[in-house]
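Undergrad: The structure that follows is given in the form of structure tokens.
The numbers here are math on the coordinates, done by the rules we state, and not lab data. Note that this is a predicted model, so its numbers are computed, not measured. Cβ: placed from backbone, ideal geometry, glycine included. Neighbour counts: every protein chain shown.
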């Protein structure tokens, strides 16, 4: 069985993403809802494939012929800053996007790059230990697992 090394991918915490997006308190920015942004969010909510910005652009281009890739990136940035959409790092280094609003974790295949949502509960003792040992309180926890999916694992055997 071939062993695939798992490169370290920086973890993109959604709360950290929102903090980077925060506007100065004295200059609140009003973000209007646009048809393109609403449609982009609908696409993300209707899939569990964690598409790239380029994938989303291709999916919307027929509906919005004047749409640019830059517009897709800007709208994704707004949705990430609002906490509506989550960025998920991929094996290739290209950011992928998750529209699933429910708390969940991910499994990333080291071989094919597939990202799957995992609806599993972490032990409650984990956050308790974090509080006791480090005096930190976690409001949200996201864990990403890395390894081989069933298809790649079978192919490797």
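Undergrad: Rank these for me by crowding, 136, 60, going from fewest to most other beta carbons within 10 Å.
TA: With the fewest neighbours first, 136, 60 line up as 136, 60.
Undergrad: Principal axes first, then extents: for the Cα atoms of the range 14-156, list largest minus smallest coordinate on each axis, whole Å, largest first.
TA: Here the Cα extents, ordered largest to smallest, are 52, 50, 23 Å.
Undergrad: State the Cα centre-to-centre distance between the range 72-128 and the range 46-68 in whole Å.
TA: Their Cα centres are 18 Å away from one another.
Undergrad: Relative to the present Cα-Cα distance, how much length would full extension add between residue 130 and residue 157 at 0.36 nm per residue of separation?
TA: 5.9 nm
Undergrad: By counting other Cβ atoms within 10 Å of each Cβ, how are 98, 117 ranked from fewest to most?
TA: Sorted ascending by nearby Cβ count, the order is 117, 98.
Undergrad: In which sequence would 145, 107 go, from the one with the fewest C-beta neighbours within 10 Å to the one with the most?
TA: Ranked by crowding around the Cβ, least crowded first: 145, 107.
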